[in-house]
Amino acid sequence: WQEWYREYMRVTREPGFAFDGSASLSDNVVSVAAHIRQALKFDLGERRLMRTWEEAFRRFVEQVDELGVLLMVSGIVGGNSHRKLDPEEFRGFAFADSLAPLVFINGQDTKAAQMFTLAHELAHLWLGQTALTNVCPASSPANRIEKWCNRVAAELLAPIKAVKQEVDIGEPLSEAKKRLARCFKVSTLVILRRLHDAGFITRERFWEEYELERDRLMSVTRSAGGNYYVTTATRVGRRFARAVVTSTFEGQSSFTDAFQLLGCKKVSTLRELGQRVGVEV
C-alpha cells in the first residue's frame with residue numbers, strides 16, 4: 001500500500017509531507033504539540049462545541065488525512081476476521097516518509113485508546129522516525145523516544161495549561177474526569193493522565209482510577225461491521241482509497257490492481273467507494 005501510494009505521489013507530483021523530521025527530542029514538548037495542533041488546524045475552541053469526544057475523534061482523523069498522512073485502522077490480519085490483532089502486543093505503528101507517511105492503528109483497541117495512539121504516532125512522524133507502538137495514556141516508557149512521544153500526545157490532546165485552568169479543586173474526581181473529558185473532547189483516560197501530570201492526583205490514585213475506567217471502556221460492546229464502504233475507508237484510509245480510485249479511472253492504474261488493493265470485485269463497487277470518499281467518477 002505504502003509503496004503504491006509513494007509511486008502515485010511521485011508520478012502525480014503531489015506535495016509531500018512537510019513535517020517529516022521537523023522536530024527533535026531536544027525540542028520543548030509544549031511547543032511541538034502546539035506546532036502539530038496548528039498544522040492540523042486542531043482548534044480547541046471548535047472541539048469544545050462538538051457534542052462528544054467520539055465526534056471530535058472523527059474530526060481528528062479527518063484532519064490527519066487532510067494533512068497528508070495515510071491513516072489505516074484495522075483489527076484483523078488482512079481480511080481474515082478470525083485473526084484478530086491483540087492490543088496487548090501492539091497498538092499502532094508509524095512509517096515515516098516525506099511522500100507517504102503512514103499511521104496504522106489497531107482497531108481491536110478501544111476508541112479511547114486509538115485517539116491517544118494516533119496522537120502518539122503523529123509525534124513519531126514529526127521526529128521522522130518509524131516506530132512500533134505499545135503505549136497508552138498510563139504508560140511511562142523507559143525508552144526516551146517513546147516517553148517524549150507520549151508527552152507530546154498528551155499535550156496535543158489536552159494542553160496542561162488549559163487543564164489547570166479548568167480544574168475545580170473541590171470537585172470529586174468521578175465528576176471532574178467526566179466534565180473535563182466533555183470540555184476537551186478527549187477520553188476520560190487522557191484526562192486522568194493529565195490530572196496526574198498536573199499534580200492533582202497521585203500516581204497510586206491515577207493507576208487505580210485508570211484501570212477501573214479502562215475496564216469500563218473495554219466492556220462497551222463494539223458495533224458490528226459489515227458495510228464495505230465504511231469498513232474499507234477505515235481499513236485502508238480515505239486518502240489511499242481516493243488515490244486508488246482516481247488513478248484507476250484516470251487510466252494510470254489497472255482495475256485488477258485496484259480490486260486487489262481495495263478488496264472489491266466490481267467496477268460499480270469501486271465507483272461507489274470513490275463517491276463515498278469524495279471522488280467524482
Worksheet, complete the sentence: Under 5 Å from the placed amide H of Asn134, counting only residues 5+ away or on other chains, we find Arg91
Worksheet item: Ala198 versus Asp257, label points 7 Å from Cα toward the beta carbon: distance in nm?
Response: 5.1 nm
Worksheet entry | Cut-off under 5 Å, modelled amide H: who pairs with Ala158 long-range | none
Worksheet, complete the sentence: In the chain the DSSP beta bridges are antiparallel at a rate, in percent to nearest 5, of 65 percent
Practice prompt. Could you bin all the Cα-Cα distances of the chain into 10 Å bins starting at 0 and give me the percent of pairs in each, rounded to whole numbers?
Written response: 6, 28, 34, 22, 8, 2, 0
Worksheet, complete the sentence: A chain fully extended from Lys111 to Glu88 at 0.36 nm per residue, minus the present Cα-Cα distance, gains in nm 6.8 nm
Fill in: Label-point separation, Lys164 to Glu54 (7 Å along Cα→Cβ), nm
3.4 nm
Worksheet item: Hey, any idea what % of the range 131-198's accessible area is carbon plus sulfur with a 1.4 Å probe?
Response: 49 percent
Worksheet entry | Potential lengthening between Gln275 and Arg205 on full extension [0.36 nm per residue; Cα-Cα distance subtracted] | 20.3 nm
Worksheet entry | Student exercise, the range 1-119 dipole from Lys, Arg, Asp, Glu Cβ charges, in Debye to nearest 20 | 280 debye
Worksheet, complete the sentence: Judged on accessible area alone, 1.4 Å probe, highest first, Met50, Met72, Met218 line up as Met218, Met50, Met72
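The values are calculated or read from the model by the stated rules, or taken from the named source; none is laboratory data. Only a predicted model underlies this, so the values are computations on that prediction, with no experimental measurement involved. Here Cβ is always computed from backbone atoms with ideal geometry, including for glycine, and neighbour counts include all displayed protein chains. Heads up: the accessible areas ignore ligands, DNA and RNA and are worked out on the full protein's heavy atoms, side chains in. Shrake-Rupley method; radii C 1.70, N 1.55, O 1.52, S 1.80 Å.
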